[in-house]
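> Can you read through this structure? Questions will come right after.
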Amino acid sequence: MTRSPLIQLRDVVKTLGANRVLDGVNLDIYRGEITAIIGKSGSGKSVLLKHIIGLHEPDGGAILFDGRLRAAMSPAERKALKKKFSYVFQDTALFDFLNVFENVALPLKERNALSPAEVSRRVRDKLHQLDLHDVELKYPAQLSGGMKKRVALARALVTDPEIVLFDEPTTGLDPIRKNAVHSMILDYQRRFGFTGVVVSHEIPDIFFISQRVAMLDEGRIVFEGGPEEIQEAVAPEVKNFIQGLESPRDDLTGIASQSIGQNRLLQEMSRLQRYQIPFSIVLLAMDNLEDVDRIAGHVVAQTVFKTFANHVTQSTYITDTCFRFDINKILVALPDTNEDQARDFCRKLARTMQSHALFGSIEAVKGFCYSVSAGVAQAKQGTGLDDLIAAAGQTQAVFYECRN
Amino acid sequence: MAILVTLKSPVAAIGREVLDFTQHLGRLFLFFVWGFVLIFQPPFQFDKIRQQIYFIGMKSVFVICLTGAFTGMVLGLQGYYALVKYGSTAALGSAVALSLIREMGPVLTAIMVIARAGSSMTAEIGIMRISEQIDALQTMDINPMRYLVSPRIAAALICFPLLTALFDVVGLYGGYLSGSALLGLNPAFYFARAQSSVQMIDIVGGFIKSVVFAAVVVTVCCFQGYYTHTRAEFGAKGVSISTTSAVVISCVLVLITDYILTTFLL
């Protein structure tokens, strides 16, 4: 069955001053998915986002919601549609004359649909979820950049929107906070099921949280597809852009980036094919990173993941390769290693983790349970890389657990 | 042909300026009407109007008293020395009262409020515009005109006549201070002449002026801030130029409107 897009942009054209910012944009955004819009600075990504929410009207082309043309909607229908949206601005756009509580409460208060007590309850809930309850009386000027981003996120999510648009939500944040915001977006998207559109420069991190990626270049969409497809795209403008932005090391963990890691895996594959040198992979996953998010906040969760990555790096030899495979997964490639030796590697890693404090203060939280699982697979002649990783995923079993 | 074009160009330029100016006035008028109508859109924004009354009105009381007192005193002083030559110092009360109530009260109050509250209104709304706070209101389905401009219009329409009345009263006592207390004019003469010469039409005229000035000042100041992003200059520079323009344009418009209104009221 073919899915029908929630939002469709058809040949959208916009000229600002002398610049033709959007030059026939065609884009489909699907319900319940996170779509990342990437592209060079000044390529019109923010303008595109503002067209979706209706802050800008296109000079030409059409924008459809659920198959209905927005331009043909009545004012009441447009108003109802607007209520489904939320927008997280690049510079947060928090009201500097209101404190954190008032900022988050404003969209609810102005809708006048709820009693003051209910507004207060919902705001406090949201502030608590985003770990902002102790700053509710502070003004935006008194907050750090990361906190402002979280307040902006709380303000965007307090109305339980169906569609949330994020305009470069992580610009200017350090790697831990950047990853915390990404995991926050993913976590909330899973919990509340909204449709997300994220404009971002964070490559490849943004691919971990998005189901679809669109690349805007010279006012047109030059690529639209899954995050794994864009890494294999051959179009020179896409390839050059991705390679130009992608750092060889993952910002948060300092280990190799996904594309570097996959290249190493391909090299190992060809060594296996040509010289019959065996190799194994270990897929390590921090299973309940989301629980750490909820107990100790997203920043602590990312710090924990970073510490975990450090332990993994320390347990590997110089010839081994470890790289970030997903938002909570690390893949280790062990050359000249069979499956049993790979399991030994896991046992050694578990011992290292037990002898070091991995989770710091959250380990003291009563009832807190935490586990890391590992899946091991040995590469065989004739198997593809995807099959090998899938095989490792199937053998995934808990090898480290912490219970209080 | 080229000569014709050269000859026509200054005329065309004047025409363009006049058209631009008329268009601008039209936009200002529509801006005011839109903001004014939204005051009455339910639910009534009582709390925001109260805050603006405090900001525009209450916080201007001191400066209005100060300028009112000194304006009255200087009128008393100048009037006394002018009248003493003709031996008609008893008319000082009328001179001070009429010039204050008809002209000086509404005009100087408007100019003082422009300096104190108008400029900050422009800067505040302008900063909200450049930091995308106004866009944020729109994305939350909050009408920025209703949220930001309407309470200010309502508050200005309430505050200006009250501040003008305060200015007039303080000014009258200022005139008494310099004319009677310092220069020795009989206070009974001063107040009796002030009372007898002022007609209800003068007071109503003064209030009409203050209400019109309120509309002019708040519209110009909010408009300049609201559309600061359409300027050629961006960011803080744009806000600073908008604030300067708001002060200059509203002062000039207050004086022009004053002349026009006086023509009709006399």
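> Using alpha carbons only, how many degrees (0 to 90, rounded to 10) separate the axis of helix A:100-111 from the longest principal axis of chain A?
Once rounded, one gets 50 degrees.
> Specify whether the C-alpha gyration tensor of the range A:245-290 places it in the rounded, prolate or oblate class, a ≥ b ≥ c being the square roots of the eigenvalues: rounded for a/c under 1.5, otherwise prolate if a/b is larger than b/c and oblate if not.
oblate
> So for the range A:7-245, considering every pair of alpha-carbon atoms, how many percent are separated by more than 22 Å?
54 percent
> Would you mind calculating the relative contact order of the range A:7-245 from Cα pairs under 8 angstrom and at least 6 residues apart, reporting the percent as a whole number?
29 percent
> Can you give me the distance in nm between label points at B:R16 and B:T230, each placed 7 Å from the Cα along the Cα-to-Cβ direction?
It works out to 1.8 nm between the two label points.
> Taking every pair of alpha-carbon atoms in the range B:145-266, what share in percent sits in each 5 Å bin, from 0 to the bin with the longest distance?
Going from the shortest bin to the longest, the percentages are 2, 10, 14, 16, 15, 13, 10, 8, 5, 4, 2, 1.
> Same structure, new question: Taking square-rooted eigenvalues a ≥ b ≥ c of the alpha carbon gyration tensor, is chain A rounded, prolate or oblate, where a/c under 1.5 means rounded and, failing that, a/b exceeding b/c means prolate?
Here chain A falls in the oblate category.
> Past the 25 angstrom mark, what percentage of all C-alpha to C-alpha distances in chain B do you count?
53 percent
> So what's the angle, to the nearest 10 degrees on a 0 to 90 scale, between helix B:61-84 and the longest Cα principal axis of chain B?
Tilt relative to chain B: about 50 degrees.
> What is the gain in length, in nm to one decimal, between A:R111 and A:I318 on full extension, counting 0.36 nm per residue of separation less the C-alpha to C-alpha distance?
68.6 nm
> Also, quick follow-up: How much length would be gained if the chain were fully extended between B:S9 and B:I203, taking 0.36 nm per residue of separation minus their Cα-Cα distance, in nm to one decimal?
So the chain would gain 65.0 nm between B:S9 and B:I203.
> What FRET efficiency do you get for B:W34 and A:N310 if R0 is 60 Å and r is their Cβ-Cβ distance, rounded to the nearest 0.05?
Calculated value: 0.50.
> Roughly what angle does helix A:258-275 make with the longest principal axis of chain A, taking Cα atoms, 0 to 90 degrees, to the nearest 10?
30 degrees
> Calculate, for A:R249 and A:N19, the FRET efficiency according to 1/(1 + (r/R0)^6) with r their C-beta to C-beta distance and R0 56 Å; round to the nearest 0.05.
Calculated transfer efficiency: 0.95.
> Under the rule a/c < 1.5 gives rounded, and otherwise a/b versus b/c splits prolate from oblate, where does the range A:87-195 land using the Cα gyration tensor?
The shape class here is oblate.
> Also: Once you put a point 7 Å from the Cα of A:T395 and another 7 Å from the Cα of A:D287, both along the Cβ direction, what distance in nm separates them?
It works out to 1.8 nm between the two label points.
> Further question on the same structure: Could I get the Rg over Rh figure for the range A:258-403? Both from C-alpha atoms, Rh via Kirkwood, rounded to two places.
1.00
> Which of B:H229, A:H182 has the fewest other C-beta atoms within 10 Å, and how do the rest follow up to the most?
B:H229, A:H182
> Sorted from fewest to most neighbouring beta carbons within 10 Å, what does the list B:F32, B:F62, B:F160 look like?
Going from least to most buried by this count: B:F62, B:F32, B:F160.
> Would you please name the chymotrypsin sites (Phe, Trp or Tyr not before Pro) within the range A:256-338 that are DSSP coil residues with at most 12 other C-beta atoms within 10 Å of their C-beta?
Sparse-neighbourhood loop chymotrypsin sites (Phe, Trp or Tyr not before Pro): A:Y317.
> Provide the gained length on full extension for the span A:V234 to A:A71, in nm with one decimal, where the gain is 0.36 nm per separating residue minus the Cα-Cα distance.
55.0 nm
> Using the Cα centre as the reference, give the magnitude of the dipole from point charges on the C-beta atoms of the range A:88-220 (Lys, Arg: +1; Asp, Glu: -1; all else neutral), rounded to the nearest 20 debye.
With only Lys, Arg, Asp and Glu charged at Cβ, the dipole is about 360 debye.
> Of A:L130, B:A192, B:I241, whose Cα points farthest to the positive end of the dipole of the protein assembly as shown (charges on the beta-carbon: +1 Lys, Arg; -1 Asp, Glu; origin at the Cα centre)?
The one lying farthest along the dipole's positive direction is B:A192.
> What is the antiparallel percent of DSSP beta bridges lying wholly in chain A, to the nearest 5?
70 percent
The numbers here are math on the coordinates, done by the rules we state, and not lab data. A quick note: this is a predicted structure, and the numbers were derived from the prediction, not measured. Quick reminder, even Gly has a Cβ in these numbers, built from the backbone with ideal geometry, and neighbours come from all protein chains shown.
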